[in-house]
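This report refers to the structure that appears directly beneath it.
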Amino acid sequence: MREILFVAFSLFTIGAASGVFLARNPVYSAFSLILSFFGLSGLYLLWGSTFMAMIQILIYTGAIVVLFVFVVMLLNLQVNRENPSNLLTLGISAGAVWFFSLILLRVLTRAIPNKIPEIPTDQLRTISKLLFTRYLWPFEVLSLFLLVMIIAIFAITRTQEIPHGGEQR
Amino acid sequence: MNFPTSLTYWSHFVAVAMFALGLLGFLLRKNTIVVLMCIELMLNAVNLLLIETSMRTNTPDGIILVVFVVTVAAAEVAVGLGIVLNLYRLKGSVNLDHFKSLQG
């Protein structure tokens, strides 16, 4: 049962991920991204990480992809008819990525130890306790980072139109 | 050919395949928004690997790292799309080939 679910979710995720890359229209890419995130959420559930499955759906599909769809619809782009890349570029890139993936997979299967879990570690209590003890400083730095990002977004997207004779810059 | 049959191996395979798809899209697509989506795809491949390893080796540190990654990814997308909006306002296009000069 576990294996069947794993295969189903994996195929779903990879298929949707290739849809992101292959779709001509950015809106289809965004919806494909949503499907891929749902598949990933199923994989997280399969590994027993209920918290991260929830976060995946809430934050990724609820916030990030909605932002993508919003921008795509705001810009109102027409689908470009031009050929995005020739066959040689595609072949070279695919070959390079394939080679890179093989090396990565080899390294991963060697580097990560193989152990069977006894108790689930994905309890909210464990995570929050760690977040406020061992990872307190990274957590605080993250809050500062978010503040900087808010200021940066305001600075970037502010409209720069200055009325003549106006005092504000 | 003898394929490895463990679920761990195939989970790594899924993560690496997803990362490869994201990398291909990042290298080949011209639309800036789709390139940002492909970056998200790569981040999610890493998240999958982290969560799988964390649950298997019974260490919660990987999940903490994933929480950080999700936060940074959300901020990165917001800033990236803000830049895309501004570029569209400047150039009237989101094609990466049209952004050639550093000088605005």
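Here is how the numbers come out for the structure above:
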quantity: Where only C-alpha atoms are counted, convex hull volume of segment B:7-98 per residue in Å³; calculated: 63 Å³
quantity: Total lysine pairs whose alpha carbons fall under 27 Å of each other in the protein assembly as shown (8 or more apart, or interchain); calculated: 4
quantity: Shape category assigned to segment A:1-76 from the gyration tensor of Cα positions, a/c cut at 1.5; calculated: oblate
quantity: Percent RCO, i.e. relative contact order, over segment B:7-98, from Cα pairs under 8 Å lying at least 6 residues apart; calculated: 29 percent
quantity: Over segment A:1-76, relative contact order from alpha-carbon pairs under 8 Å, at least 6 apart, %; calculated: 29 percent
quantity: Around residue B:46: net Lys/Arg minus Asp/Glu count, Cβ-Cβ under 14 Å; calculated: -3
quantity: Karplus-derived HN-Hα couplings along segment B:47-64 (A = 6.51, B = -1.76, C = 1.60, θ = phi - 60°), whole Hz, x at Gly and Pro; calculated: 4, 4, 5, 4, 5, 4, 5, 5, 6, 6, 8, 6, 10, x, 5, x, 5, 4
quantity: Computed label-point distance, nm, for sites residue B:8 and residue A:94 using a 7 Å Cα→Cβ extension; calculated: 3.3 nm
quantity: Evaluated over the protein assembly as shown, the Cα radius of gyration and Dmax, each in Å; calculated: 20.5, 77
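Every read-out reported here was derived from the displayed coordinates using simple, explicitly stated rules and does not represent laboratory data. Owing to the predicted nature of the structure, the values given are computational and were not obtained by experimental measurement. Cβ sites come from the backbone with ideal geometry, for glycine too, and all protein chains shown count toward neighbours.
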